[in-house]
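Peer 1: Please see the structure below; I have some questions.
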Amino acid sequence: MKRSRQLNGEAPSVNEILDALHGHELFKTRITREIKQAIKQRWEVVTVIRGQAKAKGWTPKLKQQQRQARLTVHRIAALMDNMSPATLSRRLDEYNMGSPGDFIAGIQIEEAGRLLISTQLPVSEVGQRAGYSDAKSFSRRFQKVTGKPPSQFRKEARRGPNRRDATPPA
């Protein structure tokens, strides 16, 4: 029915629109949950790898394992019922959610912001926990998205929107 309406130029029904919106929200919720879980699992793997490297030194095998732990579009697509990266890209595009890389990066930055506000972790570790392999790329991306370096974001978020740096008059 939907297809024939589209071919005839008829507008979709209210129920068809609501079904599409509901599908969009379900997809967004699911992919967000999967990416957050992948970020957490990546951090657990990287922590184990770093512990082994601390004990034995960095071997080529450990370096390879760390590279393989990266968050990639292929990995996220596989978490979505083995969806292909192309299908994942089409679905994100269909729902106006941006490219897979941008969507994943947005969730990483959101997670980093949460960690910056709620923990005392060094910025470099926040970046690692959010899925970035080095502090420099994390800081660059964070500043590009938020307009502030991570340390400034943390300071301002903790200070609150209504507090001022100025000392009160004597």
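The values are calculated or read from the model by the stated rules, or taken from the named source; none is laboratory data. Just so it is clear, the structure is predicted and the values come from calculations on it, not from any experiment. Positions of Cβ are backbone-derived with ideal geometry, glycine not excepted, and every protein chain shown enters the neighbour counts. Heads up: the accessible areas ignore ligands, DNA and RNA and are worked out on the full protein's heavy atoms, side chains in. Shrake-Rupley method; radii C 1.70, N 1.55, O 1.52, S 1.80 Å.
Peer 1: Hey, quick one: spin label on Ser151, modelled 7 Å out along Cα-Cβ, who in the stretch 101-126 has an amide N within reach, i.e. under 15 Å?
Peer 2: Under cut-off, by backbone N: 121-126.
Peer 1: At 7 Å along the Cα-to-beta-carbon direction for both Lys40 and Glu110, put a label point, then send me their distance in nm to one decimal.
Peer 2: Distance between label points: 1.5 nm.
Peer 1: Given 0.36 nm per residue, what is the gain on full extension from Val48 to Lys63 after removing their alpha carbon distance, in nm?
Peer 2: Contour length minus Cα-Cα distance gives 4.2 nm.
Peer 1: Now for a different question. Taking 2.2 N^0.38 Å as the expected size of a compact globular protein, what ratio does the Cα radius of gyration of the stretch 20-146 give against it, to two decimals? Display every interim value, and only then the final one.
Peer 2: Values: Rg = 15.6 Å, N = 127, 2.2 N^0.38 = 13.9 Å.
Relative to the rule-of-thumb radius for its length, the stretch 20-146 sits at 1.13.
Peer 1: Taking the alpha-carbon distance from Lys63 and a cut-off under 18 Å, which lysines remain once sequence neighbours fewer than 8 residues away in the same chain are dropped?
Peer 2: Reachable lysines: Lys54.
Peer 1: To continue, here is another question. What distance in nm lies between label points placed 7 Å from Cα along the C-beta direction at Glu125 and Arg159?
Peer 2: 2.5
Peer 1: Given Gln108, Ser124, Gln152, which one lies farthest toward the positive end of the charge dipole of the stretch 16-153, if we put +1 on the Cβ of every Lys and Arg and -1 on the Cβ of every Asp and Glu?
Peer 2: Looking along the dipole axis, the top candidate is Ser124.
Peer 1: Using the Cα centre as the reference, give the magnitude of the dipole from point charges on the C-beta atoms of the stretch 55-112 (Lys, Arg: +1; Asp, Glu: -1; all else neutral), rounded to the nearest 20 debye.
Peer 2: My answer is approximately 580 debye.
Peer 1: Keeping all protein chains in position, work out how much accessible area Trp58 exposes to a 1.4 Å probe, and write it in Å² to the nearest 10.
Peer 2: 120
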